[in-house]
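What follows is a single structure, written as structure tokens, with notes after it.
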Amino acid sequence: MSEMPKSYDPKLYEDSIYKQWEESGFFNPDNLNGEPYSIMMPPPNVTGVLHLGHALENALLDTMARYQRMLGKKVLLVPGTDHAALPTQAKVEKLLMQEGIKNPRQEFGREKLVEKIKEFAENSKSTILSQVKKMGTSCDWSRLAYTFDEDRSKAVNEMFKRMYDDGLIYRGYRVVNWSVTGQSTCSDDEVVHVERAAKLYTFKYNKDFPITIATTRPETKLGDTAVAVNPKDDRYQKYVGKTYHIDVGAAKLLEIKIIADDGVEMNFGTGALGVTPAHSPIDFEMYEKQKAKGDPIGIVPVIGLDGKMTEAAGKNYQGLTVEVAREKFVQWLKANNLLEKEEEIVQNVGTSDRFGDVIEAIPMTQWWLNMRQEIPGRSKSLKDLLREAVTTGLENNPEQTVYITPDRFKKLYLDRIDNLRDWCLSRQIWWGHRIPVWYRSTSFDSARDKSLTAGHEEIFCGTTDPKGDGWEQDPDTLDTWFSSGLWTFSTLGWPPRQAPSTWFETSRDKPNDLETFHPTSWIQMGYEIRDLWMLRMILMSSYALKQIPFKNVYFHGMLRDESGKKFSKSSGNNIDPLDVIQHYGTDALRWSVLSGIAPGNDSKFYEEKIVGARNLVNKLWNIARFISTTAKITTSNSIPTAVTLSDQWILARLNETVKTVTENIEKYNFSYAGEALRDFTWNDLADWYLEIAKIESKKDEILNYILPTLLKLWHPYMPFVTEAIWQEMFGGEKMLMVEKWPALFDIAASNVVQPDFTIIQSIITAIRAVRAEHKIEPAKKISVTVKTSDKKLFVANEEVIIGLARLDNLVFDAGYQKNNSTVGFVIAGMEIFVDLSGAVDVVKEREQLQNEISRIEPYIESLEKKLSNQEFTQNAPAEVVEAEQKKLNEAKEKLAKLINQQKQLL
RNA sequence: GCGCGCCUAGCUCAGUUGGUUAGAGCAUCUCGUUUACACCGAGAGGGUCGAGGGUUCGAAUCCCCCGGCGCGCACCA
């Protein structure tokens, strides 16, 4: 064994250890035996580099993977990246614009822009993957996946086709969420509602119109085609069914029909609602309802894809932005004395989570996934499957149930499913999986025209190009979460070669992966992508495989800075995980993100935490260093024999720690498990037992047992330092990574031993406190007398007490009388007197004793009161009563002794 | 509007079926060149568990209500 340096330097070990692990082949489950255990890494977006959130994810993932591997399972952790369609395109376009390219889509054209994005994505991807390695993540690189690679693209097309063939994916003209900045649709989940101040205008279309309406978007009124009132509203009954033609300055006269709709609140505002089918999802629903009733109303889009007023808005408005048009329309209302009220209100508006602009509702033809329609042959909808998966289990099979940690997210998920609408799948951006649909039509020009062109002659949906001439593929791409939804199985060789509707060969060479590893065992993710990702994974997997995607899902919270703010580049509080690794090492980073977290809760991350983590890593290193110089290192695995009380105690504590750590990792209490381990490592082992080992001899066997056990327990959290120590100790033959997780062993009477040792600890601590209190130089050795009738415990631990309390003498005297040169205290019914050789300040000592007495008196009182309460003695469990009685007896005894000591003090 | 989470020492958080005089880490103060570690050791101070009410023999823990902070969902024009 080489000489270990004084402090652990992560830089000397981390890269080479990672390389060793990788070369060992044990990252690949094909080289492991045992029960399969699989985890899919949430693929980071290729929009840039890893941030702290990724560090947390990698720490969680890898802690779990390493723990499971040490339990002897065949662990698969699949690494990967996500092409992140919209975010990536948005990012690259932004960069190009910063370089001075005003409109990248126009200037480059589709092919060239996609090429640019691809270049960026590839760069980002390799950066990210090297960072994952820096985090020490033990993933199987042979199964590396990318949501936009060939295998995953095949899976996407296959899924689309199956859903299309099942009639679940349809093309429909509906109001969509449109981002003008991004020039694309987005799903409901990608709309972020923000509060903002707005004005609510109350007015009439003209003087002759009988009903007053209100709106915050006056400019959209140019596209109104109806006014809706509640059918029960007597005020407006007489108008229902009538149509008015009104000139508000639009291209044509408004044709407003008065309709009745249950959804209109009679008591809100004027009780009447101007209906703008083209620019409001609710109004569009009314439009559809009227159509179904055979009493149709019109639909007039007055806002275009560029966010400006269209021709239909009239010459006065055409080409104006919505804001300018709004002002102009309000001016017109004022000029014509139509405006009745103008109020400041706070309203929620939807904004694009990526582009930040206000989402416009615009009617377009898009591809949708139907959530409510029955799946052919299964008598249930996708929505039903989503519900089953977390409640009864798919098809009432309890084994196909997803367990959610923390539990409360299950309720949120179910709530979400309740008001889930159809999922808009198509996007007008270029980076992403192209919709696998082809049209053959002469009138088809562009995606934009789809909304205007009624029906194409032929539509083909397939996983490869259709045969024959004249086909043109849909220019749109898929919502990026469509491919993410397949992640748990597209990474495992789905679709399989012999799948009924598959006619391509997959390049997968591990055909059994799906069977072996799906459903996956556990997954972790941030709660913010619960609906975006978890829901879609459950949906896709339940639909295509009739399996849940994972048995357990763990939601972590967000890391925030000291003041509780999110980390971000723009707010300048960003911490780069690589910087942390550079300064403190990966193990410190991992521990600092894991300690103090609770499932589903945000936690704060700050420099002091990392420093503390680094110190702990170093402590572990030095514990090993000490043991290696104190004990003869062997690789014996046998359970050691406890010789002294301290031996029994430390082994019992170790056993207890193994139990706590194991149980809590199983419950995903990563922080709690780690804290318990830290407590044992630092407080019990380092501060007490190792100090005792300097006094009592023959600890080789026990230390040879404790150290490897400790390293194993720490390994999932701190893989590098533990592996480094392991190899320093035992050579590089066998890696710690694949050692067996510690098992519990049988310690006779461990429960009895522990309190006994605690007494010794208390005595030592108390003597030290007396020394500190009386400013006795550390080097000065003093004498202590113990007044006890049973000196067994002391005799057995004499050396330890003398050593740790720095005594020159420990005397047993059952009849000792206190004098003015000693200070006394009572512990566990025994009186201890520290000889200060006349240095005692009698007044001060009396005060000290009095303090102690006045602390214990009210305690005794409350115990007496409790025990004399019949309701307590009758209702409380016998053990509790007994314990309270014992406490009382001890306290009384202690009090008597203290009073006596005070008396003896002259 | 509906729902969820949080409020415990100066700071960050434990407190796992209600039962020691409520704990830890960091920070603070005192002391220390005891050869594993100053990225350390020893000791100390510091809390009416957000406010109030209730249930109970007993509440930081369960219930109600109020306040503060954060978040989710929602078609209130």
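Here are some notes:
- Per atom type, chain A shows carbon and sulfur on 49% of its accessible surface, probed at 1.4 Å.
- Take the Cα of A:His245, step 7 Å toward its Cβ, do the same at A:Val346, and the gap between the two points is 4.6 nm.
- A Förster radius of 41 Å, combined with the Cβ-Cβ distance separating A:Asp679 from A:Glu395, puts the computed FRET efficiency at roughly 0.35.
- When the surface is traced with a 1.4 Å probe over the full set of protein chains, A:Leu793 keeps roughly 40 Å² accessible.
- Considering only A:Tyr554, A:Asn622, A:Ile581, and ranking their Cα positions along the charge dipole of region A:516-647 that arises from unit charges at the beta-carbon of Lys, Arg, Asp and Glu, the one farthest toward the positive end is A:Tyr554.
- Computed from Cα atoms, the angle from the helix A:281-293 axis to the main principal axis of chain A rounds to 50 degrees.
- Positive-pole candidate from A:Trp438, A:Ile529, A:Ser138, dipole of chain A, charges at beta carbon: A:Ile529
- The C-alpha atoms of chain A define a longest principal axis, and helix A:150-165 lies at about 50 degrees to it.
- Tensor-based shape of region A:1-87 (alpha-carbon gyration tensor, a/c under 1.5 rounded, otherwise prolate or oblate): oblate
- Subtracting the Cα-Cα distance of A:Lys565 and A:Lys207 from 0.36 nm times their residue separation leaves 123.6 nm of extension gain.
- With each label modelled as a point 7 angstrom along the Cα→C-beta vector, the A:Thr765-A:Lys546 pair spans 6.1 nm.
- Per-residue [θ]222 nm for chain A (sum of -39500 (n - 2.57) over DSSP H runs n ≥ 4, rounded to 500): -13000 deg cm²/dmol
- Taking the average, over residues, of other Cβ atoms within 10 Å as the packing measure, peptides A:599-611, A:857-869 rank A:599-611, A:857-869 from highest down.
- Chain A: translational diffusion in µm²/s, Stokes-Einstein, Kirkwood Rh over Cα pairs, 10 °C, 1.306 mPa s: 48 µm²/s
- Taking each residue as 0.36 nm, the span from A:Asp465 to A:Leu200 lengthens on full extension beyond its C-alpha to C-alpha distance by 90.2 nm.
- Label-point separation, A:Lys694 to A:Lys102 (7 Å along Cα→Cβ), nm: 7.6 nm
- FRET efficiency, A:Leu253 to A:Lys291 (Cβ-Cβ, R0 25 Å, nearest 0.05): 0.70
- Charged-residue dipole, Cβ positions (Lys, Arg, Asp, Glu), chain A about Cα centre, Debye nearest 20: 680 debye
- Region A:242-340: GluC sites (Glu not before Pro) in DSSP loop, at most 13 other beta carbons within 10 Å: A:Glu265
- Rounded to the nearest 20, the Cβ-based charge dipole of region A:81-141 about its Cα centre (Lys and Arg +1, Asp and Glu -1) stands at 120 debye.
- Sorting A:231-240, A:481-490 by average packing, meaning the other beta carbons within 10 Å per residue, from highest down gives A:481-490, A:231-240.
- Three-way shape call for region A:72-205 based on the alpha-carbon gyration tensor, with the a/c threshold at 1.5: prolate
- Whether region A:748-906 is rounded, prolate or oblate, judged on the alpha carbon gyration tensor where a/c under 1.5 counts as rounded: oblate
- Tilt relative to chain A, helix A:104-134 - C-alpha long axis, 0 to 90 degrees, to 10: 10 degrees
- Based on Cα contacts under 8 Å between residues 6+ apart, region A:637-785 shows a relative contact order of 30 percent.
- Applying 1/(1 + (r/R0)^6) with R0 = 30 Å to the Cβ-Cβ distance of A:Val842 and A:Ser789 gives a FRET efficiency near 0.60.
- Averaged per residue, chain A has 44 square angstrom of accessible surface, using a 1.4 angstrom probe with ligands and nucleic acids left out.
- For A:Glu799, the shell of other residues with beta-carbons less than 11 Å away shows a net charge of -1, using +1 for Lys and Arg and -1 for Asp and Glu.
- Shape parameters for region A:604-706, alpha-carbon atoms, Rg then Dmax in Å: 14.8, 45
The values are calculated or read from the model by the stated rules, or taken from the named source; none is laboratory data. No experiment lies behind these values; they were computed from the predicted model shown. Neighbour counts are summed over all protein chains in view; Cβ atoms, including those assigned to glycine, are modelled from backbone coordinates with ideal geometry. These area figures cover heavy atoms from the full protein model, side chains too; ligands, DNA and RNA do not enter into them. Shrake-Rupley method; radii C 1.70, N 1.55, O 1.52, S 1.80 Å.
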